[in-house]
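Here is the structure we will look at, set down as structure tokens.
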Amino acid sequence: MASSIPKNYVEINSKIEVKQCEVLNATSPAALKSILENTGTPLESDVDEQLLIHIPFQNAVKVHTIVLKTAAAHKDRAPNSIRVYANLPHTPSFDDVDNITAAHIVSPDDVEYVEEKGKGLKATVGLRFVKFQNVNTLTMFVEGNVGDEESTRLDGLTIIGDAGETTEMKDLKKIGDEEALAAPPQKA
């Protein structure tokens, strides 16, 4: 995995509010959690090849790259046409996404699945980083797959970026009381 992470960036899946994630048109919506946490259950579309995935983060992040993973036997069902949206307040409907401008459009020419030794296939998709600087939610509309199959399958989804600085409450120091006692009273 390290080879797909650009310098100065990290995997930020741990910053995802997994319980608030949503997916539309999936055979098992619970599989979204599985592909985000790499626990084995694939995410598969139900009625057709489209999937609509909505991912909220714990705090604002910078998103640089999306890594898509699939089993080699299911390459034809792997996503390859995706519209990516930043900061949508909720999961849109399939009708809504046609009326919302995507921050980034991933075309089939942008997606190349390569063999990852013993782990299936992965595609590393770079995003227009300037459009993903202060991201609270990431929404992906998967429109199609490699083989124009009737269903789409995704075995893993990794978000690469910068989670920013987070403040640990235990590291905060109380200021004010000591300074207020030491300062002379101010005249009105």
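Observations on the model:
- Shown in residue order for segment 20-37 are the 3J(HN,Hα) couplings computed by the Karplus curve 6.51 cos²θ - 1.76 cosθ + 1.60 at θ = phi - 60°: 9, 5, 9, 9, 10, 6, 10, 5, 9, x, 5, 5, 4, 4, 4, 6, 6, 9 Hz (x for Gly and Pro).
- By definition, a body whose alpha carbon gyration tensor gives a ≥ b ≥ c is rounded when a/c is under 1.5, and segment 11-162 falls into this rounded group.
- Residue among LEU121, VAL67, MET140 farthest towards the positive dipole end of the chain, charges placed on Cβ: VAL67
- Positive-end residue of ILE100, GLY161, GLY40, charge dipole of segment 27-163 with Cβ unit charges: GLY161
- Segment GLU17-THR41, length gained on full extension (0.36 nm per residue, minus Cα span): 6.8 nm
- Cut-off 16 Å, label 7 Å out along Cα→Cβ of ASP48, residues of segment 125-146 by amide N: 141-146
- Assigned charges on the beta-carbon of Lys, Arg, Asp, Glu; segment 1-59 dipole about Cα centre (debye): 380
- The chain - percent of accessible surface contributed by carbon and sulfur, probe 1.4 Å: 48
- In the context of the full set of protein chains, residues of the chain present 57 Å² of accessible surface per residue (probe radius 1.4 Å, heavy atoms only).
- In this structure SER107 has an accessible area near 40 Å², from a 1.4 Å probe over the protein heavy atoms.
- The calculated FRET efficiency for LYS7 paired with VAL130, based on their beta-carbon distance and R0 = 22 Å, is about 0.80.
- Size of electric dipole in segment 11-162: Cβ of Lys, Arg +1 and of Asp, Glu -1, about Cα centre, debye, nearest 20: 720
- Long pairs among LYS75/LYS131; LYS75/LYS117; LYS15/LYS75; LYS33/LYS75; LYS15/LYS62; LYS7/LYS75, criterion Cα-Cα beyond 23 Å: LYS75/LYS131; LYS15/LYS75; LYS7/LYS75
The values are calculated or read from the model by the stated rules, or taken from the named source; none is laboratory data. It should be emphasised that the depicted structure is a prediction, and the values quoted were computed from it without experimental measurement. Every residue, glycine as well, gets a Cβ built from its backbone with ideal geometry; the counts of neighbours run over all protein chains shown. With ligands, DNA and RNA removed, areas are computed over all heavy atoms of the protein, side chains included. Shrake-Rupley method; radii C 1.70, N 1.55, O 1.52, S 1.80 Å.
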